[in-house]
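All of the numbers you see were taken from the coordinates with simple rules; none came from a lab. Predicted model only: the values in this text are computed from it and were never measured. Methodologically, a virtual Cβ is constructed for each residue, glycine included, from the backbone with ideal geometry; neighbour enumeration extends over all protein chains shown.
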Ligand SMILES: [Zn+2]
């Protein structure tokens, strides 16, 4: 039995689901039936011998890794395996990786580490070299569309549209299929390239994108934030007694800090999705310019893409795609989103006429 596995695959390919299913199969007396108590609790995180680490933070620090390592070293309660699933192993810091390395090099006899990351390159090399790699591929549009029809009861037309627009990202396809607002947000983003005529258009577009991303992030986290704070205050006895227990302020500050980091991550994810949409759009423009007959990612927008492709040149399209990549890299280096998006949109503006 290999004690350390690395599940890699592009976002939405289901790497963490695959890792959790594997963890369930390790616990299940029938090798992963999907229905028994072991299977269900392993996948939900409630199984005593399965630990799921899912972070909302931008990085997984050394303390968290040490915590995991000590849990991983406990003998399994049911005698099978102690499985530890780390959903975002690419977020483990260097010091965290050092702590993990020892655990992977000298694993407890019944411990299995299941790490997930977008690609093997995203994981620190010392860790990666000690893991057995399992590579997931992007599912084809047809498979995603069928899943939406069969599992979520989505109408066939919308299922195909969503599957194609999501480019193999199952969760994204589901959100597009089930949520009108997600669909209209996508249309607003994809309408941008044709509207970037003056510098002011580019700057306004950047401001709008940032604003929409924050609104989306806040909408996703506001309720959760409030609930967490109420729970914490109740636990600290503030809600009922108004007493300021020693350390209470510190605990509240910590939570606020975590919540700020989470909303920032959600905002970054939303911007990232917009960049992915735009990249797909310019990819289609380039296809129209250089490879007629290739199927568009955004085939629903062919009537906008084709005229755009006709009035611009392939060199400009390549420059636009480069600008999108540069923007993504700038965001990874923690450049302020407004600045990174302004620089990108000004380039897109130049590439559009
Ligand atoms: Zn089972």
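The condition of being within 28 Å of residue 176 (Cβ to Cβ) and surrounded by 17 or more Cβ atoms within 10 Å (Cβ to Cβ) holds for residue 320. Selection of the stretch 194-207 for residues being outside any loop (DSSP other than H, G, I, E, B) and in contact (Cβ under 8 Å) with a residue 12 or more places away in the chain yields 194, 199, 201, 202, 203, 205, 206, 207. Considering 95, 151, the condition of being assigned to a helix (DSSP H, G or I) and closer than 17 Å to residue 53 by Cβ is satisfied by 95 alone.
For the stretch 10-77, the helices (runs of 4 or more DSSP H) that sit wholly inside it and include 2 or more residues that are over 30 Å from residue 140 (Cβ atoms) and more than 10 Å from the ligand (Cβ to nearest atom) are 62-72. Summed over the stretch 270-313, residues that are surrounded by fewer than 17 Cβ atoms within 10 Å (Cβ to Cβ) and without any contact (Cβ under 8 Å) to a residue 24 or more places away in the chain total 10. Could you give every pair whose Cβ atoms fall below 6 Å, whose first residue belongs to the stretch 37-50 and is over 18 Å from residue 75 (Cα atoms), and whose second residue is in a helix (DSSP H, G or I) and more than 8 Å from the ligand (Cβ to nearest atom), counting only separations of at least 6 or pairs across chains? Listed pairs, sorted by first residue: 43/20. For residue 78, the criteria (1) free of Cβ contacts under 8 Å to residues at least 40 places away in the same chain; (2) within 25 Å of residue 30 (Cα to Cα); (3) surrounded by fewer than 20 Cβ atoms within 10 Å (Cβ to Cβ) hold in every case but one, which is (1).
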